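Input: a single structure, listed below in structure tokens.
The values are calculated or read from the model by the stated rules, or taken from the named source; none is laboratory data. Everything quoted here is computed from the prediction, not taken from an experiment. Using ideal geometry, Cβ is built from the backbone for each residue, glycine included, and neighbour counts are taken over all protein chains shown. Only protein heavy atoms, including side chains, enter the accessible area calculation; ligands, DNA and RNA are left aside. Shrake-Rupley method; radii C 1.70, N 1.55, O 1.52, S 1.80 Å.
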Amino acid sequence: MSAPKPNPLPLSTPFPPAVRRAPVGTREKPLPLIIDCDPGHDDAMAITIAVARPEINLLGVTTVAGNATLPRTFENARRVLALLGVPDMPIAAGADRPLVRPLFTAAYVHGESGLEGAEMPAPAGRVHEAGAVDLIATLVAASPEPVVLAPLGPLTNIAQFITAHPELLSKIAHISWMGGAIGEGNVTAAAEFNAYVDPEAIQIVFSSGIPCTMVGLDVTHLARMGDAEVARLEQLGNRAGKIFAELLRYFAIFHRDRYNWNFCAIHDAVAVAHLVDPDLVAVVHAAVDAELGDLQRGRTVVDWLEPRLVERGRLANADVAVGIDAPRFANLLIDAVATFD
Ligand code: BDR
Ligand code: CA
């Protein structure tokens, strides 16, 4: 097993090698995981990995407003649970808007419903009426092992959980978040979508003392599914493969129109795949802060230069993803879809 290598980012200083701090599940000891999401095409693929892989014990799913409004992300997540054949999975809806700001959605990426492109099965899941924060607290309190959280949207629900349940924070082993970036943005030049929507929530989560991983655009823009991979999904011959191929063909439209790319970036799935495959993602240790001002709203400021951290008296509060084995990721995703009907 070789340590994953950083990809060359357009930076003049090479990243120092770093040992990941996120736990990895094994078949013998699966990681207890809660996914908080806003499906979202890539959220759906992330949930698929979590259900498919024996290294993860998915305890529940919570939803947040982000890619679409809360009723839509909740319904979409429930449809994904139906597709994956887990109708008893606990699920709850959380925040219908960011902590401070008005909601900004991404219909221009995922379509008006948040999950356009395929006819999905009827919603399923065991609905926890008391809401997302209560479901997270209930599952964490009941778990004999510390639990990992994988937020795949704006961090609103996770920030609310942290504020409401300080007594449970020692039972959170790690937070693996898809969001932010060292370099570019995808909403503005400065900010990635999940970071842009609720930057105040980032500050609460990343200063909570819980070990975090930030899986940002620097890496997720390399986590690609193009025509060849979509054809492989279709050729699986199962219902899940057919539906995911249709979903990704829709998702590809934004990537073509915005970037002239002939593939789509499956952002959220990287944050979950990182928890099952230790050879997939390279990280640096860094101090992460979110910019709250208007011009650079949601920019994640990632300081990974050790001497500067020492000068600033600042400890690294996160692992930040800086490299990915892209072909390995595509295979992991396709293999996960292959396990379903
Ligand atoms: C993130 O924004 C959403 O559109 C995706 O689901 C992903 O979580 C990528 O910037
Ligand atoms: Ca998402």
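The chain: percent of C-alpha pairs farther apart than 29 Å? Please report the intermediate quantities before stating the final value.
Values: 17564 of 57970 pairs.
Summing the P(r) tail past 29 Å for the chain gives 30 percent.
Using a simple spin-label model with points 7 Å from Cα along the Cα→Cβ vector, what separation in nm is obtained for residue 26 and residue 314?
Simple spin-label model gives 3.7 nm for this pair.
Just to be sure I understand the model, the point goes 7 Å from the Cα along the line to the Cβ. What's the resulting residue 338 to residue 9 distance in nm?
Here the modelled spin labels are 3.3 nm apart.
Under 1.5 on a/c is rounded, so check that first for the stretch 139-270, then, if it is not, pick prolate when a/b is larger than b/c and oblate when it is not; a ≥ b ≥ c are the square roots of the alpha carbon gyration tensor eigenvalues. Could the numbers behind the result be given before it?
Numbers: a/c = 2.97, a/b = 1.58, b/c = 1.88.
It comes out oblate by the Cα gyration axes.
Using the per-residue mean of other Cβ atoms lying within 10 Å as a proxy for protection, in what order, highest first, do the peptides 46-53, 186-193, 304-311, 90-97 fall? Let's see the in-between values first.
Details: 46-53: 25.1, 186-193: 19.9, 304-311: 13.1, 90-97: 22.0.
Ranked by mean Cβ neighbours within 10 Å, highest first: 46-53, 90-97, 186-193, 304-311.
Can you tell me the dipole magnitude for the chain around its Cα centre, using point charges on the Cβ only (Lys, Arg +1; Asp, Glu -1), in Debye to the nearest 20?
300
On average, how much accessible surface per residue is there in the stretch 243-312, in Å², for a 1.4 Å probe, leaving out ligands, DNA and RNA?
42
Tell me the relative contact order for the stretch 31-338 as a rounded percent, counting alpha carbon contacts under 8 Å between residues six or more apart.
Values: 729 pairs, mean separation 60.8, N = 308.
20 percent.
Specify which residue in the list 113, 58, 160 is farthest towards the positive end of the charge dipole of the chain, using unit charges on the beta carbon of Lys, Arg (+1) and Asp, Glu (-1), about the Cα centre.
The one lying farthest along the dipole's positive direction is 58.
Please find, in a Gaussian network model of the chain (springs between Cα atoms separated by less than 10 Å), the residue of 258, 78, 249 whose mean-square fluctuation is greatest.
Judging by the Gaussian network model, the answer is 258.
In whole percent, and with a 1.4 Å probe on the protein chains, what portion of the accessible area of the stretch 31-338 is carbon and sulfur?
For the stretch 31-338, the apolar C and S fraction of the accessible surface comes to 51 percent.
Select from 100, 219, 140 the residue whose mean-square fluctuation is largest in a Gaussian network model of the chain (Cα-Cα springs shorter than 10 Å).
Highest fluctuation of the listed residues: 100.
At 1.4 Å probe size, with every protein chain present, just tell me what the per residue accessible area of the stretch 1-148 comes to in Å². Walk me through the intermediate numbers first.
On the way: 6430 Å² over 148 residues.
About 43 Å² of surface per residue is accessible.
How much net charge surrounds residue 24 when only other residues with a Cβ under 9 Å from its Cβ are counted (Lys, Arg +1; Asp, Glu -1)? List each step's numbers first, then the result.
Working: positive: 20; negative: 55, 277.
So the surrounding residues net to -1.
Could you compute the net charge surrounding residue 183? Neighbours are other residues with a C-beta less than 15 Å from the C-beta of residue 183; K and R count +1, D and E count -1.
Numbers: positive: 299; negative: 184, 192, 218, 291, 303.
Within the 15 Å Cβ shell, the charges total -4.
Using 0.36 nm per residue, how much length does the chain from residue 164 to residue 100 gain when fully extended, once their Cα-Cα distance is taken away? Provide the component values of the computation, followed by the final result.
On the way: separation 64, 0.36 × 64 = 23.04 nm, distance 1.66 nm.
Full extension of this stretch gives 21.4 nm more.
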